1. How much net charge surrounds Ala169 when only the other residues with a Cβ under 12 Å from the Cβ of Ala169 are counted, with Lys and Arg +1 and Asp and Glu -1?
2. For Glu306 and Glu327, what does the FRET efficiency come to when R0 = 22 Å and r is the distance between their Cβ atoms, rounded to the nearest 0.05?
3. Once each part is reduced to its C-alpha centroid, what is the distance from the range 174-188 to the range 80-105 in angstrom?
4. Can you give me the distance in nm between label points at Asp317 and Asp149, each placed 7 Å from the Cα along the Cα-to-Cβ direction?
5. To the nearest whole percent, what portion of all C-alpha pairs in the range 69-157 is separated by more than 23 angstrom?
6. Report the extension gain between Asp257 and Glu339 in nm, rounded to one decimal, defined as 0.36 nm multiplied by the number of residues separating them, less their alpha carbon distance.
Amino acid sequence: MKKMSTKRVFPAVTMAVGLTFIAGCGGGGGGEESGGSGSESESSEGSEASGEGGLDGGEGNNEAEEGDTQVNLVTASETGLYYPLGASLSNFWSNEVDGVSSSSQSSNGSVQNMIYMSQGEADVGFVMGNILQDAYAGENGFEGEQYEDVRILAGIYPNYNHVVMREGAGIESIGDIEGESFAPGATGSGTEIASQHILGAYDLTFDDINANFGAFPEATDLMRNNQVVGANINGGLPTSAVSEMLSTANGVLTSIDDEQRQEMLDEYDFYIDETIPAGTYEGQEEDVHTTAMQNFLVVDASMSDEVVYDLTKAMWDNIEDLHTSHETFQQFQVENFDEGSGDIPFQPGAEQYYEEEGLLD
């Protein structure tokens, strides 16, 4: 690895603007992620936002050495996939990349990650493809808050819409939730907006249901307590919140119907037609047909090319070493690094690595 000695320092930024922005765009028909994740991801996504003071502390076992470049990685909910992936990756970077000390923090998911990064409160973030496109273009909930300086480090793995219905609730199709209580995700999360897209395909909006917004743990509790008929969890395979709903809350994975799936594919070019194979989750006996989108690791354009090159190279050259820390790393495929990236630029340091590997024309 190349030796680095530049320490990046961020200005203090108030969280009031970011939190107001999240509240303003989280529940409506457009939203910051609606027009085109994880995983967290948040969506994958979805934990409570940090307090008014911004990001504090975080995961990471490596103490920073004087002169190290500080790399702060924002993730999502502690029960979504972004969170454990971020903890493992930040520890890995701290151990493997000379001159880098990395830590990870939870967040409310993709939307908040873009806000933190645009305000200089984070260096690297997980983000769902639709949120990334909206943030870069300044569309939907990002109108007036365009983040032109976001750059891609890597496309990493797909986020699946897991629609979980409570067995015995009388729901045979997603369209049957009209007038029912449903958990669409945390306000401001990628899962919330993905839920808008699913409902829209059934000619429904949040006004047509009793929407119970909350992070994955809250959605699981609502399911257990028979307070909702179902929930949507947007994340990779497998997602722990889905496993918990199926095993402790009488949850059953439910397919998005063929017509509605096709409508989502036609309307949003970031969605792909996917199947959650039978046996992915304990007790799941049949394939589940749904939609998915790519997740990305992104950085700010101001980040050192040298640092980004080293982070990118360390991750991909040693990806098998990360497999043991979380099984989702097995879904990271370098040949898919630009899938779903559209016209959003790659950071030059990352681009250099992909050129060296013969992956760019």
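1. My count for the surroundings of Ala169 gives -3.
2. 0.10
3. The range 174-188 and the range 80-105 have Cα centres separated by 34 Å.
4. My value for the distance between the label points is 2.9 nm.
5. 21
6. Between Asp257 and Glu339, full extension yields an extra 27.0 nm.
Coordinate-derived values only; no laboratory data. Every value quoted in this text rests on a predicted model; they were computed, and no experiment measured them. All Cβ positions, even for glycine, are placed from backbone atoms using ideal geometry, and neighbour counts span all protein chains on display.
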